[in-house]
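Asks: Have a look at this one.
Each value in this text was obtained by applying a stated rule to the coordinates, not by laboratory testing. Here the structure is a predicted model, which means the values were calculated and not measured. Note that we place each Cβ from the backbone using ideal geometry, even for glycine, and neighbour counts take in every protein chain shown.
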Amino acid sequence: MKDRKWIDISQPFTPDIASWPGDIPFTFKLSFTKKQTGSVNIGQIHTGVHTGTHIDAPFHFDEQGKQVHELDIQLYAGKARVIDAAGHDKIGKEELEGYNLQGAERLLIRTAKGRDWRTFPDSYTVFRDNIGPYLKEQGIFLLGTDAPSVDAVDSKTLTAHHSLHQNGVHILENIVLDHVEPGDYELMALPLAIEGADASPVRAVLRRLE
């Protein structure tokens, strides 16, 4: 029988996790200790919603787009295909045509190997503006990347975000795929139901399909 344990593909929230440049750094602390309360420890977190492994809601880049609490959670649970496309500065139709994407539905792409999630990268693989139409043609409605964004850190037009959104493809960022073999998996990456939010951290996990 194959090993079908869940594989964690999330960045752990630690004091040294990288945050988007200029964003709120992650912190966790105990507001009250068991010694203070007499019964329990009570903690609090402080973070930007784009820190670590997270989904982008359309509202992130479109004032009229859906917010996190309005998204269909079915998008983030189900069959996913992992591919290794490391070595490209940009990924679009041209780079993906050599991969078998038939029946993928959700596509998770390893764009680099050995990335340190504790350091925001100086550069990372971004996506071309033809990525949305091409994935739609393939029947894919979720794109996951191990990079912090589908667009460059200094982009103001966010062409990849808009290309994906206009073609019904949702976005999962900052996944960790170094320890995952290419193939078909079951994905669970459910966002928190944060009302009004433009993004949400997720605990993303995979399990190999039979």
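Asks: Report, in debye and to the nearest 20, how large the dipole of the range 7-208 comes out about its Cα centre when Lys and Arg carry +1 and Asp and Glu carry -1 on their Cβ. Mind dumping the intermediate values first?
Replies: On the way: 19 positive and 28 negative charges, 152 e Å.
My answer is approximately 740 debye.
Asks: Still on this model: Bin by bin, in steps of 10 Å, what percent of the Cα pairs in the range 7-208 do you find, going until the bin that has the longest distance?
Replies: 9, 36, 37, 13, 5, 1, 0
Asks: Please report the antiparallel percentage of DSSP beta bridges with both residues in the range 7-208, rounded to the nearest 5. Display every interim value, and only then the final one.
Replies: Values: 23 of 36 bridges.
The answer is about 65 percent antiparallel.
Asks: In which sequence would SER155, SER200 go, from the one with the fewest C-beta neighbours within 10 Å to the one with the most? Write out the running numbers ahead of the final one.
Replies: Values: SER155 13, SER200 22.
In order of increasing Cβ crowding within 10 Å: SER155, SER200.
Asks: With point charges of +1 on the Cβ of Lys and Arg and -1 on the Cβ of Asp and Glu, referenced to the Cα centre of the chain, which listed residue (SER39, ALA77, VAL202) lies farthest in the positive direction of the dipole?
Replies: The residue sitting most towards the positive pole is SER39.
Asks: If Rh is defined by the Kirkwood formula over all Cα pairs and Rg also comes from Cα, what ratio Rg/Rh do you get for the range 55-171? Present the calculation step by step, with values, prior to reporting the outcome.
Replies: Numbers: Rg = 13.6 Å, Rh = 14.6 Å.
We get a ratio of 0.94 for the range 55-171.
Asks: Rounded, prolate or oblate for the range 14-124? Axes are the square roots of the Cα gyration tensor eigenvalues, ordered a ≥ b ≥ c, and the cut-off for rounded is a/c under 1.5.
Replies: On the way: a/c = 2.24, a/b = 1.78, b/c = 1.26.
Taking the square roots of the gyration eigenvalues as a ≥ b ≥ c, the range 14-124 is prolate.
Asks: Using 13 Å as the cut-off for backbone N distance, which residues of the range 127-164 belong to the label zone defined by a point 7 Å from the Cα of ASP72 along Cα→Cβ?
Replies: 140-142
Asks: Positive end of the charge dipole of the chain (Lys, Arg +1 and Asp, Glu -1 on Cβ, about the Cα centre): tell me which of GLN64, VAL126, LEU107 has its Cα farthest that way.
Replies: Result: LEU107.
Asks: Fewest to most neighbouring Cβ within 10 Å: what's the order for LEU209, LEU190? Walk me through the intermediate numbers first.
Replies: Details: LEU209 13, LEU190 17.
With the fewest neighbours first, LEU209, LEU190 line up as LEU209, LEU190.
Asks: Here's a follow-up. Could you tell me the center-to-center distance, by alpha carbons, between the range 1-36 and the range 153-169 in angstrom?
Replies: 27 Å
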